[in-house]
Amino acid sequence: MIELFVTPGEKLAEVEEFMPSDGAYESEGIVYASSIGVPKYDEMEHEVRVESPKRIPRFNVVNSIVYGRITQTFDQYAVVELFPYNTRRFRLIPPSKYATIHVSNVRKGFVENVRNEFGVGDWIRAKIVGIQKRRFVQLSTEGANYGIIKAYCSVCRRPLSRRGAVLYCPRCKREYRRKITMDYGQPKLPR
């Protein structure tokens, strides 16, 4: 039998059904998980608790696809805020809230400056290429399926449209050359 794990912040029940116990908390009438584990519902006591597993499942592996938003850009790397996501077959919980993309992992070929490839606020799809000391996540956007999936104008903050290989702001009439995906603007998100 496969046990379904919950992660912190996942809804478990409403307070009318179950009260929170160990590993759970209540906020505005909803009971949420406060730790990773298996939810256990006690029908007699009307309580729900989250039991910590004996072994935490391995959610993160190298070559997993992640989604995030660029928070800072520097000459040699960009900082990305990662977001967990679920699919029917897979659950990805990043080992850290933040990751980096080094200039050598942006695209095949020479990249002089990461600031020319990404802008702050851009949404990206990337691949995990390494995890150092269990929490320093290194990403890559090499390949046509990886890169920016949604970007905004740096002047007026409106969404950018794709025109061939460049991004274009219809309002400001500015063009941006960035590392975009093949499905930019209508990304195929995990299901």
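The values are calculated or read from the model by the stated rules, or taken from the named source; none is laboratory data. Owing to the predicted nature of the structure, the values given are computational and were not obtained by experimental measurement. Methodologically, a virtual Cβ is constructed for each residue, glycine included, from the backbone with ideal geometry; neighbour enumeration extends over all protein chains shown.
For region 169-183, which positions are touching a residue at least 40 places away in the same chain (Cβ under 8 Å) and loosely packed, with under 13 Cβ neighbours inside 10 Å? R177, the sole residue that qualifies.
Within region 136-152, can one find any residue that is closer than 25 Å to N63 by Cα and charged (D, E, K, R)? Yes; the residues of region 136-152 include at least one that is closer than 25 Å to N63 by Cα and charged (D, E, K, R).
Across region 117-142, the qualifying residues are those that are modelled with pLDDT of 90 or more and among the aromatic types (F, W, Y), and the one among them that is nearest to F74 (Cα to Cα) is F118.
Looking at region 19-28, which of the residues that are in a loop (DSSP other than H, G, I, E, B) and out of contact with any Asp or Glu (no Cβ under 6 Å at 6 or more places or on another chain) is modelled with the lowest pLDDT? Explain how you work it out, then say what you get.
First, the residues of region 19-28 that are in a loop (DSSP other than H, G, I, E, B): 21-23, 28.
Going one step further and asking which of them are out of contact with any Asp or Glu (no Cβ under 6 Å at 6 or more places or on another chain), we end up with 22-23, 28.
Values: D22: 87, G23: 84, E28: 88.
Taking the candidates together, the pick is G23.
Number of residues in region 111-141 that are out of contact with any Gly (no Cβ under 7 Å at 6 or more places or on another chain) and surrounded by fewer than 19 Cβ atoms within 10 Å (Cβ to Cβ): the value is 18. Between a first residue in region 130-145 that is farther than 18 Å from M182 by Cα and a second residue that is polar (S, T, N, Q) and at pLDDT below 90, which pairs have beta carbons less than 9 Å apart while being 6 or more apart in sequence or on different chains? Sorted first by the residue in region 130-145, then by its partner, the pairs are I131/N60; I131/S96; R134/S96; R135/S96; F136/S96; V137/N60; V137/S96; Q138/Q132.
So, in region 50-77, exactly how many residues are at pLDDT below 90 and more than 19 Å from the chain's Cα centre (by Cα)? Matching residues across region 50-77 total 7.
Annotation: R158 fulfils all but one of (1) over 21 Å from the mean Cα position of the chain (by Cα); (2) modelled with pLDDT of 90 or more; (3) among the charged types (D, E, K, R); the unmet one is (2).
Taking region 29-49, which residues are over 26 Å from the mean Cα position of the chain (by Cα) and in a loop (DSSP other than H, G, I, E, B)? Walk me through how you get there before you give the answer.
At the first step, the residues of region 29-49 found to be over 26 Å from the mean Cα position of the chain (by Cα) are 29, 40-49.
The answer is G29, E43, M44, E45, H46.
If only residues of region 125-170 that are among the hydroxyl-bearing types (S, T, Y) and assigned to a loop (DSSP other than H, G, I, E, B) are counted, the one that is nearest to K108 (Cα to Cα) is T141.
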